[in-house]
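The structure appears right after this line, and notes come after that.
Values in this text are rule-based calculations from the coordinates and carry no lab data. Treat the numbers as computed from the prediction; the structure is a model and nothing was measured. Note that each Cβ is placed from the backbone with ideal geometry, even for glycine, and that neighbours are counted across all protein chains shown.
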Amino acid sequence: MSTGKMIVLRSKENETFEVEEAVAVMSPTIKRMIEDDHSADTSIPLPKITSKILAKVIEYCKKHVETPESEELKSFDADFVKVDQQTLFDVIIAAHDLNIKSLVDLTCQTVADMLKGCTPEQISKTFNIENNFAPEEEEQVRRENPWAFE
Amino acid sequence: MEGDLPNLPEDLLIDEILVKLPVKSLLRFKCVCKKWYNLIESSYFIRNHFNNPKNHTRLLVRHSIRPIISDDSNSDSVWEDDFHFDSDSYDGTEPQNPLALSIFPDETLAGSPPVHEDIIDFIQRCPNMHRIIMIGPIGGLFLLHTNFNDVNDRLALWNPATAEFRRLPRPNFRFPMDGPRCVSGFGLDPLTNDYKIVWIPTFWSDAPPDLAAVALYTPGTDESWRQIENPNVLASLPGIWWKCSQIFDDCIECFSGEYLNGAFYWLVECTCGRRVVLFDMGRDVFRKIPAPHNVNARSRGGNILVQIDESIALLENEYMWPHSTVLKSINVWIMKEEGCWTKHFTLGCEAMVEIQYPLGFWRNNYELFLETASNELVLYDLNTDKVKDLGVCGDEGASFIRIFKYRESLVSIKGRQRESWNRDKLRNVFSDFLAVSESDDEEESAKND
């Protein structure tokens, strides 16, 4: 039931992206902004999302609106997340802000899969977390489940 | 994985990423920092992790390992040293081949036979595997209960995902010498979310069971079990024993048990037929429910209670003729409300491969696990009529195949005292649990004299 209405999204760099309404409303956040705004001419500002990331998000939403659940869609999703880590994290944050649950799930699962086999040290580095255990305390924790470190 | 990355918002990291990780990774990540340690131990996180849709239900199967026939006399059989099968004492209730636990990698039960994994690897060679009754899993935990036909029945809790194992101390009470075996139940108190164990020790003695013990376990808090007192118990008995004679008065035998929504159900054979007994874990009371009135009290056996959708169901087996081991049909009775049975449907078994027993439903109400007449485990789809061979088998004689729908859980059963568990220690602890101790041997041989 597409009304053919186009929505304009504005990125952080003030670049505009025109998308079909059906694609835009995959984000409940954007949907609400459209409903709240009664003037049809205004664009939707998304100051926290860069053009690069917004383009990615739009690519995802477009594909998911156009394509039914299928091997093709699964294949698209698998390729979609094959990006550098910085981009992946940025997409996660954008998807979270825009409340696009399926995109959050997809990207977060990808990160989870990457983290699965990591050591605690690698985790610390990835997320800039300081290890505040004293050496003997950490040793104690390791001894609680030694097999997990094999 | 290095670099100056934007930090993800913490709630995102925890609720969307960490919660999707397998238990083994999370146990390792407890050493990242104190905050993560506390997070991974918190009941909030443990619950979300367990309930996360990404925490898939997997099929855990107990089955037999049949020897690979080989002419090579030097061939290495995996269980050779550990399995001592005493053929003199074989009476049809012991397996001819060792039993093993296997877990299928994912929900599709696809392709090749199940894979041995960390979580079950260390118990694979226990020679007395057939002597363990596994109840559950409830929230990722199993109750293990040994079945040695003597006074030394033991109970323990086991979390396969965290490789934790804990013996349950027995109530301080001497059992009669005529060899009772206990019947147990395991589930959750729906009000407090504590684990509860019901222990009925005198089921197999001459007198009908009239005592039960109920123990309570709150994960991570206490070091030992708390036994619940029943105010109705007679003063002459130690306080932890409950009188339940009106429930089990005319009972002869107890069959399968199943936990659902705050109650544990047993199928019980009585002098007047079959009955379901339940223990309500919220109210801490036993209740009796008559079986569906058409259920044949004289039927050969194999009737079981299972879960279907969100109800308890009774699978009633009808065999081709009185001493046949081949099923003619299975009647599926569902109890939507307590005490009220409806015959949901009857599965005719004559058109398909010969079936001996149903074992339970998979993730829905149309995929049913069956053991064939040649002891193979198959999955039957009621909608498509397709039978899928799962590549595992049981043994002749009694049914040794057991299926469990298992999901990993972080629930810790170690309590405050932190012990280190490496694989060897765990293997030893398990072996001890299953060992027939010296005193048992003496009693055993004394009985045989």
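Model label sites at B:GLU350 and B:ASP11, defined 7 Å from Cα along the beta-carbon direction, differ in position by 6.2 nm. Of the GluC sites (Glu not before Pro) found in the stretch A:49-122, those that fall in a DSSP loop while having at most 14 other beta-carbon atoms within 10 Å are A:GLU69.
Note on B:SER329 and B:ILE252: the model spin-label points, each 7 Å out from Cα along the C-beta direction, lie 2.6 nm apart. In terms of its C-alpha gyration tensor, the stretch A:15-88 has an oblate overall shape, because the principal axis ratio a/c (a ≥ b ≥ c, square roots of the eigenvalues) is not below 1.5 and a/b does not outweigh b/c.
If r is the Cβ-Cβ distance from A:ASN99 to A:GLU72 and R0 is 30 Å, what FRET efficiency results, to the nearest 0.05?
E between A:ASN99 and A:GLU72, to the nearest 0.05, is 0.75.
Rounded to whole Å, give me the distance from the Cα center of the stretch B:350-391 to that of the stretch A:83-150. Comparing the Cα centres of the stretch B:350-391 and the stretch A:83-150, I get a distance of 41 Å. Taking amide H positions as modeled 1.01 Å from N, with prolines and chain starts lacking one, the residues under 5 Å from B:CYS254 and 5 or more places away or on another chain are B:GLU269. To the nearest 0.05, what FRET efficiency results for A:GLN85 and B:ARG427 with a Förster distance of 35 Å applied to their C-beta separation? Computed FRET efficiency for A:GLN85 and B:ARG427 comes out at 0.30.
What is the gain in length, in nm to one decimal, between B:LYS288 and B:LYS405 on full extension, counting 0.36 nm per residue of separation less the C-alpha to C-alpha distance?
Going from the current span to full extension adds 39.4 nm.
Size of chain A from its Cα atoms: along the principal axes, largest to smallest, the extents are 63, 34, 23 Å. Under the combined filter of DSSP loop state and at most 16 neighbouring Cβ atoms within 10 Å, the stretch A:100-150 retains these trypsin sites (Lys or Arg not before Pro): A:LYS116.
For B:ILE312, the residues whose modelled amide H falls within less than 5 Å of its own, excluding neighbours fewer than 5 places apart on the same chain, are B:MET335.
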